[in-house]
Amino acid sequence: MLSVKDLSVMFQTRRGAVDAVRGVSFEVAKGEILGIVGESGSGKSVTSYALMRILDAGGTIKAGEVNYSGIDLRRAAERDIRDIRGREISMIFQNPRAALNPIRKVGHQIEDVLRQHARATRYDARDKAIAAMEAVKIKDAADRYNAYPFELSGGMCQRIVCAIALACDPRLLIADEPTTGLDITTQKAVMDLVRDLIRARDMSSILITHDLGLAAQYCDRLIVMKDGLIVEKGDPVQIFSQPTHPYSRKLVDATPRSGASVRDLLPAENRAPAPRILPSGQPLVEVRDLVKTYAGKAGPVQAVKGISFTVNKGQCVGLVGESGCGKSTTSEMLVRLLDATSGQIVFDGQDIAKTPARGFAKDPRRADIQMVFQDATDSLNPRHSARQAIAEPLRRLGRMRGSTLGTRIEELAGLVGLPLSLLDRFPHQLSGGQKARVGIARAVALDPKFLILDEPTAALDVSIQAVVLNLLVDLRAKLGLSYLFVSHDLHVVRLLCDHVIVMKNGEIVEEGPAALVMSQPQNPYTKSLIAAAPKPPERAAVIDQLETTDAQHSAFHDQRAS
Amino acid sequence: MLAAFPRLRAILLRVAQAIPVVIGVVVISFLLTRALPGDPAVYFAGVAADEASIEETRVAMGLDRPLPVQFVHYVGDLMRGDLGQSLSSGRPVATDLANRLPASLELTLTALILAVVIAVPLGVLAATRPGTWVDHLCRVVVTAGVSLPTFFTGILLIYIFYYILGIAPSPLGRLDFIYLSPDHVTGFYLIDAALMGDWETWRGAAKQLILPAATLALFTLAPIARMTRAAMLTALSSDFIRTARAAGLSNRAVLYRYAFRNALLPVVTTLGMVFSFALGANVLVEKVFAWPGIGSYAVEALVVSDYAAVQGFVLAMALLFVALNLVIDLLYTAIDPRIGFDAQ
């Protein structure tokens with residue numbers, strides 16, 4: 001149905017020509033779902049944009065053939081390709097809210113496509129748009145027709161994007177990271193919907209994703225891309241169990257999955273034995289009846305409804321939940337950036353909730369509670385070099401100056417595995433993983449006792465995530481830190497945490513030892529979360545072996561894999 | 001009932017917010033004129049006045065009473081539409097303003113429409129074809145527009161079109177003496193002449209208007225073109241443009257229905273700002289073209305310390321700005337559905 005041969009795409013940039021895709025060949029058969037997997041910069045999205053001829057300015061197809069049902073897509077006239085887009089081949093995108101025109105009613109956006117491809121007239125466009133919305137299982141479609149994207153949830157926006165893509169019954173659907181940024185249960189709902197529609201309409205599809213687990217679950221065949229090249233093709237189960245290319249092996253290893261330990265995420269040759277951490281039974285942070293109420297438009301909104309939990313010294317507690325469950329509000333109150341409406345936060349025997357958040361920056365306990373932020377890029381000042389970023393807390397709170405400061409910064413860089421030569425670079429000159437290291441170094445600079453990690457790896461590629469997670473494990477052992485690890489990714493939480501708290505609508509619905517909650521969830525919500533997480537094909541036999549060998553090593557080695 | 005129409009509520013709320021601003025403007029324009037150096041009674045009493053007649057004028061004007069009482073009287077007069085008597089023209093300030101404000105507004109609005117008609121398409125073209133001759137033209141026009149002062153462009157235009165080419169009429173006011181000014185309906189000559197069906201006069205007024213309007217337009221064109229280009233570039237690189245293109249929408253639809261409407265918001269903001277400083281720049285253009293507008297009136301009044309006129313001018317301008325900002329904000333709500341909800 002679609003055949004791509006030796007496709008090469010080049011981008012003209014200020015630093016000269018960059019080859020984004022370098023000779024890629026693949027086919028998509030009728031009724032097939034093909035997965036293209038790769039990390040950022042692998043050229044997977046660019047490949048799909050090239051097929052649709054919607055490359056950004058500066059991008060050109062340098063060589064190769066793209067043939068769709070006998071039509072030469074590369075050489076087709078712009079007018080012809082426009083007829084094909086949306087009617088024969090359509091696309092859904094990541095970040096659904098941004099993918100919709102913010103100031104146009106969603107119903108009208110669907111109508112635009114229908115009318116462009118002469119599937120509807122002015123008179124029946126409304127009905128057909130509502131029908132398209134019903135096809136993607138939007139309830140009360142007639143009411144939603146008049147909504148603007150900002151009035152809808154992320155999952156609902158993605159359904160609208162799907163409705164736009166599927167309105168004209170295309171034969172091929174290209175899904176470019178369709179669920180990135182969506183909650184895990186929403187992700188499952190959207191993916192199931194897309195898969196069911198593709199099957200029901202006998203369409204073909206290309207699923208582009210960085211999540212190998214997701215791709216393996218939904219695709220018939222996989223392609224692994226790296227640096228604009230295809231490094232491996234094949235059946236998902238086969239790629240998972242016997243990856244032939246070193247890069248796909250690295251990707252498979254780095255994908256968090258049930259049964260793997262945090263060290264298993266690293267390439268086999270970099271696996272140092274995991275440090276043994278024994279959390280003490282002494283409480284470090286005790287949260288009692290914590291409540292946060294926001295003033296909403298329709299009366300007060302309780303974001304956190306009286307939760308209580310304890311983080312022991314040396315313990316890593318995972319806080320899991322979907323967006324809007326109150327986990328970020330809770331972590332902001334704990335780190336004292338936000339004042340609680342009521343309740344206590346007892347830290348080391350003192351109630352820190354009494355100190356207003358506004359004055360906490362001057363509090364001597366500020367240094368004891370630090371935070372690693374979600375987006376490593378956004379949380380660093382773009383005008384400050386890595387050195388300045390790490391120096392900030394040392395100067396302000398540690399009152400360090402001159403050579404003491406310099407020595408400490410270099411010591412910290414060594415601790416987080418940041419090469420000293422990178423210290424004078426600015427955030428935009430650093431990779432995602434390096435920026436994450438700067439953020440962690442800044443957080444541990446003052447020897448805190450308690451570190452709050454707010455989805456520290458959410459924006460990172462899986463192989464980088466693997467390295468950063470291992471770094472966090474090592475740091476915890478070395479510095480005797482206690483963590484509160486906030487995440488929506490259950491696999492990651494299971495890897496890192498001793499204890500898990502599951503939140504929903506501002507309440508704790510379940511908590512307990514990580515292994516127990518993950519294997520035998522009691523609450524229906526926890527069960528649904530675990531069920532929604534993508535399940536990569538099992539490699540049970542291999543993993544069991546690895547775990548027993550890992551368990552035999554107990555001594556701690558400071559060998560970082562970076 | 002209003003809760004069911006959040007946008008209507010937001011609009012009414014915004015209109016209500018303008019009321020305290022107007023009150024503030026009245027207070028400030030009152031206090032400002034009292035704070036000015038000099039004694040109005042001395043001026044109003046005339047050159048030949050002695051102590052007694054000055055004191056008499058002071059009592060007659062109510063200036064001997066305490067400030068709050070004066071303020072109440074001032075507000076009372078305002079309510080009746082009485083802005084006081086102009087010293088230099090001898091007419092009520094309200095009449096003077098009513099005569100002159102339309103002249104300024106006609107000039108500014110024509111200039112602004114001219115600028116928008118040229119600058120917005122220029123900016124859109126420059127954004128869709130970066131690096132081409134349109135883009136370079138846009139850059140040249142923008143640079144020229146901001147770097148040439150209005151009095152210079154005005155004189156240059158007069159020199160070329162009136163003195164050398166002889167196409168334009170003499171730069172002496174709103175209408176050549178051979179025409180009779182149209183009946184006063186709106187005060188805008190173009191509109192009044194059109195209402196009368198007197199196309200001869202209309203053409204005469206338009207001829208007089210074109211050079212000063214072009215001068216002012218050149219000055220206001222630059223920021224509008226630049227902002228349109230930047231806003232279009234931002235809009236065109238958004239994710240939703242890619243969605244629209246991937247759905248096969250025509251270039252026209254992508255450009256206008258998707259990109260341009262999103263780019264309008266910053267353009268409207270700029271338009272509001274440009275309108276305010278165009279009113280300021282008016283003074284020079286009015287002087288160069290002997291335009292009987294509010295700007296030249298204010299300058300003359302200030303020079304001869306005609307306080308009632310200055311006070312009336314300040315008040316009129318401030319009210320104009322309040323009205324302008326109100327219109328801009330209401331335009332926002334019309335363009336962007338997100339606003340009605342944030343403006344809580």
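The values are calculated or read from the model by the stated rules, or taken from the named source; none is laboratory data. On a predicted model such as this, the values are computed, not experimentally measured, just so you know. Note that each Cβ is placed from the backbone with ideal geometry, even for glycine, and that neighbours are counted across all protein chains shown.
Scanning the range A:24-44 for residues that are among the polar types (S, T, N, Q) and either surrounded by 20 or more Cβ atoms within 10 Å (Cβ to Cβ) or free of Cβ contacts under 8 Å to residues at least 24 places away in the same chain (or both) yields one hit, A:S42. So how many residues does the range B:118-154 have that are surrounded by fewer than 21 Cβ atoms within 10 Å (Cβ to Cβ) and under 22 Å from B:N251 (Cβ atoms)? Final tally of qualifying residues: 11. Selection within the range A:476-485: residues that are more than 23 Å from A:D253 (Cα to Cα) and touching a strand residue (DSSP E or B) at 6+ places or on another chain (Cβ under 8 Å). The member of this set that is modelled with the lowest pLDDT is A:L481. Among the residues of the range B:239-281, the ones that are polar (S, T, N, Q) and more than 7 Å from every other protein chain (Cβ to nearest Cβ) come to 4 in all. Suppose we keep only residues that are more than 8 Å from chain B (Cβ to nearest Cβ) and buried (at least 24 other Cβ atoms within 10 Å of the Cβ) within the range A:83-101. Which one would you say is farthest from B:T243 (Cα to Cα)? Among those residues, the one meeting the criterion is A:I89.
Only one entry of A:H384, A:H428 meets the criterion of being in contact (Cβ under 8 Å) with a residue 40 or more places away in the chain and either buried (at least 19 other Cβ atoms within 10 Å of the Cβ) or closer than 26 Å to A:D368 by Cβ (or both), and that entry is A:H384. Listed conditions (1) in contact (Cβ under 8 Å) with a residue 60 or more places away in the chain; (2) surrounded by fewer than 16 Cβ atoms within 10 Å (Cβ to Cβ); (3) hydrophobic (A, V, I, L, M, F, W, C) are all met by A:V301, apart from (1). Of the residues making up the range A:151-158, one or more are modelled with pLDDT under 90, within 11 Å of chain B (Cβ to nearest Cβ) and farther than 30 Å from A:I223 by Cα. For the range A:107-123, residues that are facing chain B (nearest Cβ under 9 Å) and either part of a loop (DSSP other than H, G, I, E, B) or buried (at least 24 other Cβ atoms within 10 Å of the Cβ) (or both) total 4.
Matching residues to (1) crowded, with 20+ Cβ neighbours inside 10 Å; (2) in a loop (DSSP other than H, G, I, E, B); (3) among the hydrophobic types (A, V, I, L, M, F, W, C):
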| residue | (1), (2), (3) |
| --- | --- |
| B:A213 | yes, no, yes |
| B:L216 | yes, no, yes |
| B:T228 | yes, no, no |
| B:M232 | yes, no, yes |
| B:R245 | yes, no, no |
| B:G248 | yes, yes, no |
| B:R252 | no, no, no |
| B:Y256 | no, no, no |
| B:P266 | no, no, no |
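Contact annotation: residue pairs with Cβ atoms under 6 Å, 6 or more positions apart or on different chains, pairing a residue in the range B:80-109 that is touching a residue at least 12 places away in the same chain (Cβ under 8 Å) with a partner that is acidic (D, E), are B:S86/B:D96; B:S86/B:D306; B:L87/B:D306; B:S88/B:D306; B:S89/B:D96.
You will find that of A:R104, A:R126, the residue that is over 30 Å from A:N67 (Cα atoms), outside any strand (DSSP E or B) and more than 11 Å from chain B (Cβ to nearest Cβ) is A:R126 and no other. Please determine whether any residue of the range A:166-184 is touching a residue at least 24 places away in the same chain (Cβ under 8 Å), within 11 Å of chain B (Cβ to nearest Cβ), part of a helix (DSSP H, G or I) and closer than 23 Å to A:S323 by Cβ. No, the range A:166-184 contains no residue that is touching a residue at least 24 places away in the same chain (Cβ under 8 Å), within 11 Å of chain B (Cβ to nearest Cβ), part of a helix (DSSP H, G or I) and closer than 23 Å to A:S323 by Cβ. When each of B:V69, B:V21, B:V42 is tested for being surrounded by fewer than 13 Cβ atoms within 10 Å (Cβ to Cβ), of a type in the set (A, V, I, L, M) and in a helix (DSSP H, G or I), the lone residue that passes is B:V69.
When the range B:155-172 is limited to residues that are buried (at least 17 other Cβ atoms within 10 Å of the Cβ) and touching a Pro at 6+ places or on another chain (Cβ under 9 Å), the one that is nearest to B:G204 (Cα to Cα) turns out to be B:P171.
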